[in-house]
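Single-structure report; data block below.
The values are calculated or read from the model by the stated rules, or taken from the named source; none is laboratory data. Small disclaimer: the values here were computed from a predicted structure and weren't measured. For neighbour counting, all protein chains shown are included, and Cβ atoms are generated from backbone atoms with ideal geometry for every residue, glycine included. Accessible surface is based on the protein model in full, side chains and every heavy atom, while ligands, DNA and RNA are left aside. Shrake-Rupley method; radii C 1.70, N 1.55, O 1.52, S 1.80 Å.
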Amino acid sequence: MPDGRIIRTRNSFYYVQTACGLITCKRRGRLKRNKKSDDALVTGDFVDILILPDGEGVIERRLPRNNVMKRPPVANVDQVVLTFAAKNPDPHPLLVSRFLVLAEWAKIPRIVICVNKMDLITETEDDIFPDYENAGYDVIRVSSKTGMGIKKLRAGLVGRTTVFAGPSGVGKSSLLNAIDPRMNLQTGDISSKIKRGRHTTRVAQLIPYAGGYVADTPGFSSVEELLEIDPLLLPGYFPEFHQFADGCRFHPCTHSHEPDCSIKSAVEDGKISRRRYDAYLSLLEEINEARRSKYRS
């Protein structure tokens, strides 16, 4: 029974890359009957398959995962490149932190921030991304139009399974085409009316590249569900909080209203970005409100 990896899903079919080539598969009946989301098959899953006489396959079981991103659903990811535009659409600190929290929560080993469309801004325009560099994230500034930064971005993909994720319209597909034109991914324009991108990527798929895979994933602009995150664990998804967290008077501390909070003191002293802290408070309130609404219903 050969094993393989799901590189694409579509209409209940799973395209599994194996040593024998790409096999079109369906799920075994018992997998279909198990409707638990944790048992769902997603792009990136390693699976055991049975190859039928007609050359198609049946997925017998899913192998254990290292990690899984819930949205977009991709499993066994080595790194995520969170892609934003320097302009058009303008980056929003809350949205950037939302993506970072979700990547941290999914236990992705390496998180990179990629700022595309650097050709659109001037040196005098506000740059929010030093906040994330100071938090410890690797920030790569690129332009798919001019080629700025593409060589550095390309080098970081070798031998890894990398997911490109981010809001619609920031140019994820264009970046991958700049990295390797043979990918030939569909791209779209920013809507002049709503100033947001159109969803040119419809499904997550793994594309073989440089000894690994890259995934262009559907962007989104709606509010991401954070209900599954424990609000007491949220501070742990902000790396710049870690060195100050033990100094609080109260444990646990939400770092919002409590007195003698070392995180709040670090913000006042300029050691933690005010924008990052404000994003933390917004996400904390969003999680708590979602939980209150759930309990009321």
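Can you compute the charge dipole magnitude of the stretch 54-99 about its Cα centre, using +1 on each Lys and Arg Cβ and -1 on each Asp and Glu Cβ, nothing else charged? Give it in debye, rounded to the nearest 20.
Values: 7 positive and 5 negative charges, 69 e Å.
The dipole of the stretch 54-99 has a size of about 320 debye.
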Of all stretches in the chain that avoid GluC sites (Glu not before Pro) placed in a DSSP loop and having at most 11 other Cβ atoms within 10 Å, the longest is 1-122
Counting heavy atoms of the protein chains only and a 1.4 Å probe, report the per residue accessible area for the chain as a whole number of Å².
52
Lys70 - accessible surface, heavy atoms, 1.4 Å probe, Å² rounded to 10
100
What net charge do the residues around Val16 carry, taking every other residue with its C-beta under 12 Å from that of Val16, with Lys and Arg at +1 and Asp and Glu at -1?
0
Among (1) 69, 48, 37; (2) 90, 36, 31; (3) 59, 44, 28, only one was calculated for this model; which label is it, if the read-out is Cα extents along the principal axes in Å?
(1)
Per GNM of the chain with C-alpha springs under 10 angstrom, the most fluctuating residue out of Asp54, Asp127, Asp78 is Asp54
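When DSSP beta bridges are limited to those with both residues in the chain, what percentage is antiparallel, rounded to the nearest 5? Working shown, then result.
Working: 28 of 51 bridges.
Taking every DSSP beta bridge within the chain, about 55 percent pair in antiparallel fashion.
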Out of Ile49, Tyr209, Asn177 - ranked by how far each Cα lies towards the positive end of the dipole of the chain, with unit charges on the beta-carbon of charged residues - the top one is Ile49
With +1 at each Lys and Arg Cβ and -1 at each Asp and Glu Cβ, the charge dipole magnitude of the chain around its Cα centre, to the nearest 20 debye, comes out at 1340
Residues whose placed amide H lies under 5 Å from that of Gln205, excluding near-sequence neighbours
Asp216
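Using a Förster radius of 30 Å, what is the FRET efficiency between Lys87 and Glu228 based on their Cβ-Cβ separation? Nearest 0.05, please. Walk me through the numbers before you get to the answer.
Details: r = 33 Å, r/R0 = 1.09.
Result of the calculation: an efficiency of 0.35.
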Cys253: net charge of surrounding residues, Cβ under 15 Å, Lys/Arg +1, Asp/Glu -1, itself excluded?
-2
Using a probe of 1.4 angstrom, how much of the accessible area of the chain is carbon and sulfur, in percent?
49
